[in-house]
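Working notes, beginning with the structure itself.
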Amino acid sequence: MKKLITEDYVISAYKRGERSLQICKNCVVTPLAWDRIKRLGITVATEEQSTTQAPVLQNFNLKVIIGGDHTSYDCRRMIIDFLKLKGIVVEDTGSFSNEACDYPDFAKSVALAVQKMEFGFGILVDATGIPSAITANKFKGIRAATCYNEFSARSAREHNNANILVLGAKTLGDETIKSIIDTWLATGFGGERHQRRLDKISKIEELNFRG
């Protein structure tokens, strides 16, 4: 009997923190499911592939949305170039100059896109990485994490299943930012006890987002 892999199945797996899917010989994957797999940057492994080794993240399938205020302009140019060299598709929501503007506008755009699962994850940049995280975390289902080194990036992904990386353009150097992004990309969600804790956060969200 053939197993049907639908878009809803893919979305549910992604919400559980799964970044790879095992596709059996008898599986039928719908076109919408394939589109969602590519959009979220999920790795696909078939039965013919070895199951003894974890699949490597397929960066060429990954789509990322990035945004930030005027303080982020030069830093975002560097980040976008860095991601594109890895084969990652990047959508930039601005700002598009160094002229003063308001960080909530860009945090909102990125958070809404990630909330709708249109991208694998989001990146926000401002001067310190703090105000954009505060704004993005006002949106249900968003887990924006301000990261300042590899350890915080690994913890944000592995323990908290964070879906928006927030960086400070005036507090971090280019190479530190690159190492944070590399760690973020290489780290999956740990699940288990961490999922239990996220479930509690979801219950708090349900309570506070009523009406």
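On the given criteria, is ALA145 assigned to a helix (DSSP H, G or I), not charged (D, E, K, R) and not assigned by TED's automatic domain parsing to the domain that holds ILE11?
Working: assigned to a helix (DSSP H, G or I): no; not charged (D, E, K, R): yes; not assigned by TED's automatic domain parsing to the domain that holds ILE11: yes.
No: the conditions fail for ALA145.
Give the number of residues within region 1-20 that are assigned to a strand (DSSP E or B), surrounded by 14 or more Cβ atoms within 10 Å (Cβ to Cβ) and modelled with pLDDT under 85.
From region 1-20, those assigned to a strand (DSSP E or B) are 3-5, 20; that's our starting set.
Applying the additional criterion that residues be surrounded by 14 or more Cβ atoms within 10 Å (Cβ to Cβ) yields 5, 20.
Next cut, modelled with pLDDT under 85 only: 20.
Going through region 1-20 one residue at a time, the tally reaches 1.
Taking into account only those residues within region 44-89 that are under 15 Å from the mean Cα position of the chain (by Cα) and at pLDDT 95 or above, which is nearest to ILE177 (Cα to Cα)? Full working, then the answer.
Here is the first cut: in region 44-89, the ones under 15 Å from the mean Cα position of the chain (by Cα) are 57-67, 79-80, 83, 88-89.
When the remaining residues are screened for being at pLDDT 95 or above, the result is 64-67, 79-80, 83.
Values: VAL64: 16, ILE65: 16, ILE66: 14, GLY67: 15, ILE79: 8, ILE80: 12, LEU83: 12 Å.
Out of the qualifying residues, it is ILE79.
Are there any pairs with C-beta distances below 8 angstrom linking a residue in region 185-211 that is under 25 Å from THR43 (Cβ atoms) to a residue that is among the aromatic types (Phe, Trp, Tyr), with the two at least 6 apart or on different chains, and if so which?
If the second residue must be among the aromatic types (Phe, Trp, Tyr), the pairs left are GLN195/PHE189.
Of the numbered conditions (1) in the same structural domain as GLY94 (by TED's automatic domain parsing); (2) of a type outside the set (Asp, Glu); (3) outside any loop (DSSP other than H, G, I, E, B), ARG197 satisfies every one except a single condition; which is it?
(1) is the only condition that ARG197 fails.
Restricting attention to region 155-188, and to residues there that are among the small types (Gly, Ala, Ser) and in a helix (DSSP H, G or I), which single residue is farthest from MET117 (Cα to Cα)? Reasoning before the result, please.
So the first thing to find is which residues in region 155-188 are among the small types (Gly, Ala, Ser), and the list is 155-156, 162, 168-169, 173, 179, 186, 188.
Those still in the list that are in a helix (DSSP H, G or I) too: 155-156, 179, 186.
Numbers: SER155: 22, ALA156: 18, SER179: 25, ALA186: 20 Å.
Top of the filtered list is SER179.
Pick from region 92-118 the residues that are surrounded by 15 or more Cβ atoms within 10 Å (Cβ to Cβ) and among the small types (Gly, Ala, Ser): which of them is farthest from ASP8 (Cα to Cα)?
Only one residue fits best here, namely SER95.
Within region 83-110, count every residue that is closer than 19 Å to ARG39 by Cα and aromatic (Phe, Trp, Tyr).
Residues of region 83-110 closer than 19 Å to ARG39 by Cα: 83-93, 109-110.
Narrowing further to those that are aromatic (Phe, Trp, Tyr): none.
Summing the residues that are closer than 19 Å to ARG39 by Cα and aromatic (Phe, Trp, Tyr) in region 83-110 gives 0.
The values are calculated or read from the model by the stated rules, or taken from the named source; none is laboratory data. Here the structure is a predicted model, which is why all the values come from computation and not from measurement. Every residue, glycine as well, gets a Cβ built from its backbone with ideal geometry; the counts of neighbours run over all protein chains shown.
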